[in-house]
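Worksheet: the structure to be examined is printed underneath.
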2 protein chains.
Amino acid sequence: MKKITVLLLLQASLSFSQTTDEQMLKEIYKSALTDSKCYSWLDDLSNKIGSRLSGSVGAEKAVLYTKKELETLGLDKVYLQEVMVPKWVRGEKEIAYLIHGKKKVSFPICALGMSVATPKDGLTANVIEVKSLEELKALGSEKVKGKIIFFNRPMNPEFVETFHAYGSCVDQRSSGAREAGELGASGVIVRSMNLRLDDFPHTGSTNYKDIALDKRIPAAAISTNGAEALSKLLKENPNAKLFFKQSCKQFDDVLSYNVVGEITGKEFPNKIMVVGGHLDSWDLGDGSHDDGAGCVQSMAVLEMFKKLNYKPKNTIRAVLFMNEENGVKGGLKYEELSNKNSENHIFALESDSGGFTPRGFSIDADNTNFDKISNWKSLFEPYLIHIFRKGHTGVDIGPLKSDKIVKVGLQPDSQRYFDYHHAANDTFDAVNKRELELGAASMAALMYLFDQYGLQ
Amino acid sequence: MKKITVLLLLQASLSFSQTTDEQMLKEIYKSALTDSKCYSWLDDLSNKIGSRLSGSVGAEKAVLYTKKELETLGLDKVYLQEVMVPKWVRGEKEIAYLIHGKKKVSFPICALGMSVATPKDGLTANVIEVKSLEELKALGSEKVKGKIIFFNRPMNPEFVETFHAYGSCVDQRSSGAREAGELGASGVIVRSMNLRLDDFPHTGSTNYKDIALDKRIPAAAISTNGAEALSKLLKENPNAKLFFKQSCKQFDDVLSYNVVGEITGKEFPNKIMVVGGHLDSWDLGDGSHDDGAGCVQSMAVLEMFKKLNYKPKNTIRAVLFMNEENGVKGGLKYEELSNKNSENHIFALESDSGGFTPRGFSIDADNTNFDKISNWKSLFEPYLIHIFRKGHTGVDIGPLKSDKIVKVGLQPDSQRYFDYHHAANDTFDAVNKRELELGAASMAALMYLFDQYGLQ
């Protein structure tokens, strides 16, 4: 009899909780789709402020703007965290052309982030096209010396998930200049990380590691159409010389900030749940997908909790990280300060895969916590959130380490992400309001459930 | 012992079949993403031919073009089915403005499909704004007489699935002119079926049913921004008169065609599995999403089967239906001919929800067949196809009736569909190549599995 009573009580409590959770998720999605500022925040960030490369005026304006907006939400705390960040400046518009017989055939290029400049009057050299770092190394220094290395391995369209195609291709951009430089090349041109054929060169960091400044060679991205055309011309005329010119420059590090807003937990103020994106962007577009979207979605999580009068058990903190693109200094500083202040992070959620329709979550947790979160799947079904899997979560929350922390990355639909990623067309008009809002709602819903049911 | 042997054999056969199916789906998705013509077909349909309203030159060209392309695929049969279709022509660009004090404030409008024209010099009348057919009816004929009725109920953004928002709003467009006309109104303006605020009016059929031609009142759609502005101005000045003018015209029915291509089944040539979309489109954009996408995806199913040298058990037939938008004459004719020829349809799949990332399938089947198809879900997991549910499938395959037929509608992500639906911005650039191809692959994969494992 007793057993039955307990069972009935348990069932009653479970169904009550299920109903409460269902109701809360309904309220969250409704709030996001009808009453959130996140799209107009993105409009401001993208169209009033524009690109936000670390150390730029845009980044500075974005810090002030988002702090001010967070201050309107009635949060318990809004503050900045000082962080020194690299300042790299693109300089003049880059130029590239192939000297093909009597003609000069131009290509759209852009300097890779953190690249050095070419000599002032540009660089002219023969070109060797390779498809991989391995192919480059096999050539050896004798063949490479003085040449411009053209990395032309396309992203593989067979991968259904475009991030896998990116992951298996981006070594050309991140390590190409270093590896080619070590073999004596004079410069590097890399096919843009883009699955489409179009005319936008896509920037992104190249990493020289500890190579001395005067030994670094300049590196640029070429649009995918440009890469196709250059490859074709080089087959016709392997001795054609390529000219390219860029005047980018690295300055001393400058002071910048992470922007933080929080609702203090009513039961466990010292247990912290972070939701964030990165406020910096590359300089070519306005960084609407990468990662204005993640920032405004993170702000919207707090906005929704306040509007719905939800008083979290744990402290819910939105962090807009600075400098994800070329240094991760914001993420590292956040972790440093967290350690210094003996903060206890139980959860971190990052949105940095674009403002597209959310499909689910990528989760970094032990099996117990992973299973627990996966059990919430049915609550997300009405919102077409199906993916709950282990995997990469976010670069900015990467440095956060603890014995017990659950990290999650929002997984939006990835098909169009690399159409815009790091390019001049990553602009506000490429973001759909509802898709952005559904992402924000999915983030808030997961934050709510984790706040309620915590770590195992 | 025997039992165990049988069991082992069964397991072996199951795992072999699982592996074969997994392999086949892999080949299908690879073929779609690397080797399909579907995107270039859509480019031709959209950019070389353009809009394809039934009875238009565009529709005629599209029939010839797709027939010619199907003939290149090495199919067993390619043919046309004659069908008489309505011919409605928009005429001159529509004009609308509110006479607001001394100013004329203009709005972007377009005639609704099948609407009658205004008088030659336009129509001027006071406006009554309503939010529903019920609100209109409650006004009664005395208040409505001579007025322009402005239906301004927005699509409800709270619906996660935009088709639900459409379904609960479209009565204003389909029945507004009829209902208002019966109450003596002089004209109708309907807020566009669009969840975004923008300047595109969205057309679509209005249905007068059996109202005599001379009793029909003209109906136009106004853009969502226009609707907001008109509503605001009417609040300021309820007696302001609206002028609008349109010269659309209905002609006699003309001859057109469904386009059919098929691979004859090697085991059951008389069992037919249809895959299709509709070749006609509205006249404002080029109908890339609605439904150029569904047509080229259906063609791509046959293309892939031929390229992969897959010899289906059943006859696989792609049908590009004419006249879905304003009459469904193609779908009705197809069913009529099917009956006449005593064809046995076991399966029909339609893609008519845009060329966006596929999310799953909407299925019309008895429980046994529904469960069977749902059991294939795990095979689709690697391709991020998660939705298997009962529901609406497609307008063109709607007329097909049989005791035993499974009907399916491809379900792409729906968030952006109504940004473009029936509007001038439904153009090729709004379709992403990979999203289109993934849809085609998902259709081919389902066709393959059904062909293999058939009806229960």
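The values are calculated or read from the model by the stated rules, or taken from the named source; none is laboratory data. Keep in mind the model is a prediction, meaning the values are calculated, not measured. Ideal geometry is used to build each Cβ from the backbone, glycine not excepted, and the neighbour counts take in all protein chains shown. All accessible areas refer to the heavy atoms of the entire protein, side chains included, with ligands and DNA or RNA removed. Shrake-Rupley method; radii C 1.70, N 1.55, O 1.52, S 1.80 Å.
Can you give me the number of residues within the stretch A:410-429 that are closer than 21 Å to A:G391 by Cα and within 11 Å of chain B (Cβ to nearest Cβ)?
Residues meeting the conditions: 8.
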Open item on the list: Give me the residue from the stretch A:104-125 that is touching a residue at least 12 places away in the same chain (Cβ under 8 Å) and out of contact with any strand residue (DSSP E or B) (no Cβ under 6 Å at 6 or more places or on another chain) and, out of that set, nearest to A:N237 (Cα to Cα).
Closed with: A:P108
Open item on the list: Of everything in the stretch B:80-126, what is within 30 Å of B:V319 (Cα to Cα) and open to solvent by 20 Å² or more (accessible area, probe 1.4 Å)? Give them in sequence order.
Closed with: B:L80, B:E82, B:M84, B:K87, B:V89, B:R90, B:M114
Open item on the list: Out of A:V63, A:V83, I need the residue that is assigned to a strand (DSSP E or B), outside the structural domain of A:S186 (by TED's automatic domain parsing), closer than 20 Å to A:G331 by Cβ and under 19 Å from the mean Cα position of the chain (by Cα). Which one?
Closed with: A:V83
TODO: Answer with yes or no whether B:N309 is polar (S, T, N, Q), farther than 17 Å from B:G454 by Cβ and free of Cβ contacts under 8 Å to residues at least 40 places away in the same chain.
DONE: yes
Task: Exclusive hit being buried (at least 19 other Cβ atoms within 10 Å of the Cβ), in contact (Cβ under 8 Å) with a residue 12 or more places away in the chain and more than 14 Å from chain B (Cβ to nearest Cβ), set A:L332, A:L349 - done: A:L349
TODO: Kindly list the number of the only condition in (1) open to solvent by 40 Å² or more (accessible area, probe 1.4 Å); (2) within 23 Å of B:G292 (Cβ to Cβ); (3) among the aliphatic types (A, V, I, L, M) that fails for B:L53.
DONE: (1)
Task: Candidates A:T19, A:T34, A:T5, filtered to the one that is assigned to a helix (DSSP H, G or I) and modelled with pLDDT of 95 or more - done: A:T34
Open item on the list: Among the listed residues A:A165, A:A185, A:A177, identify the single one that is crowded, with 24+ Cβ neighbours inside 10 Å and under 23 Å from the mean Cα position of the chain (by Cα).
Closed with: A:A177
Task: Complete set of residues in the stretch B:354-374 that are more than 14 Å from every other protein chain (Cβ to nearest Cβ), open to solvent by less than 50 Å² (accessible area, probe 1.4 Å) and in contact (Cβ under 8 Å) with a residue 60 or more places away in the chain - done: B:N369, B:K372, B:I373
Task: Close pairs (9 angstrom Cβ cut-off, 6 or more residues apart or separate chains): open to solvent by 70 Å² or more (accessible area, probe 1.4 Å) in the stretch B:209-226, among the acidic types (D, E) anywhere - done: B:K215/B:E182
TODO: Considering every residue within the stretch A:189-199, establish whether at least one is among the acidic types (D, E), modelled with pLDDT under 95, in the same structural domain as A:M114 (by TED's automatic domain parsing) and open to solvent by 10 Å² or more (accessible area, probe 1.4 Å).
DONE: no
- [ ] Only one of these is of a type in the set (G, A, S) and over 26 Å from B:S36 (Cα atoms): B:G391, B:G360. Name it.
- [x] B:G391
Task: Residues that are in contact with a strand residue (DSSP E or B) (Cβ under 6 Å, 6 or more places away or on another chain) and farther than 15 Å from A:V408 by Cβ, drawn from the stretch A:318-333 - done: A:L320, A:F321, A:M322, A:N323, A:E324, A:N326, A:G327, A:K329, A:G330, A:G331, A:K333
Open item on the list: Taking the conditions exactly as written (in a helix (DSSP H, G or I), at pLDDT 95 or above, open to solvent by less than 10 Å² (accessible area, probe 1.4 Å) and more than 14 Å from chain A (Cβ to nearest Cβ)), does B:D451 satisfy them or not?
Closed with: yes
- [ ] Answer with yes or no whether A:E135 is not in a strand (DSSP E or B) and not small (G, A, S).
- [x] yes
Task: Number of positions in the stretch B:380-404 that are open to solvent by less than 20 Å² (accessible area, probe 1.4 Å) and within 14 Å of chain A (Cβ to nearest Cβ) - done: 4
Task: Residue match in the stretch B:246-261 (condition: assigned to a helix (DSSP H, G or I) and in contact with a strand residue (DSSP E or B) (Cβ under 7 Å, 6 or more places away or on another chain)) - done: no
Open item on the list: Quick test of your reading of the structure: B:A424 fulfils all but one of (1) open to solvent by 30 Å² or more (accessible area, probe 1.4 Å); (2) touching a helix residue (DSSP H, G or I) at 6+ places or on another chain (Cβ under 6 Å). Name the failing condition by number.
Closed with: (2)
TODO: Considering every residue within the stretch A:288-303, establish whether at least one is surrounded by fewer than 24 Cβ atoms within 10 Å (Cβ to Cβ) and out of contact with any Leu (no Cβ under 9 Å at 6 or more places or on another chain).
DONE: no
- [ ] Pick out the one residue from A:K377, A:K407, A:K433 that is surrounded by 19 or more Cβ atoms within 10 Å (Cβ to Cβ) and within 11 Å of another protein chain (Cβ to nearest Cβ).
- [x] A:K433
Open item on the list: Go through (1) assigned to a strand (DSSP E or B); (2) exposed (fewer than 15 other Cβ atoms within 10 Å of the Cβ) for A:L242 and report which single condition fails.
Closed with: (2)
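If you check A:T72 against the conditions, is it buried (at least 21 other Cβ atoms within 10 Å of the Cβ), in the same structural domain as A:D283 (by TED's automatic domain parsing) and within 19 Å of A:M299 (Cβ to Cβ)?
no
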Task: So A:E324, is it acidic (D, E), open to solvent by 10 Å² or more (accessible area, probe 1.4 Å) and either part of a helix (DSSP H, G or I) or within 22 Å of A:Q81 (Cβ to Cβ) (or both) - done: yes
Task: the stretch B:227-238, residues that are open to solvent by less than 30 Å² (accessible area, probe 1.4 Å) and not aliphatic (A, V, I, L, M) - done: B:S231
- [ ] Kindly indicate whether any position in the stretch B:275-287 is open to solvent by less than 10 Å² (accessible area, probe 1.4 Å), within 26 Å of B:D419 (Cβ to Cβ) and part of a helix (DSSP H, G or I).
- [x] no
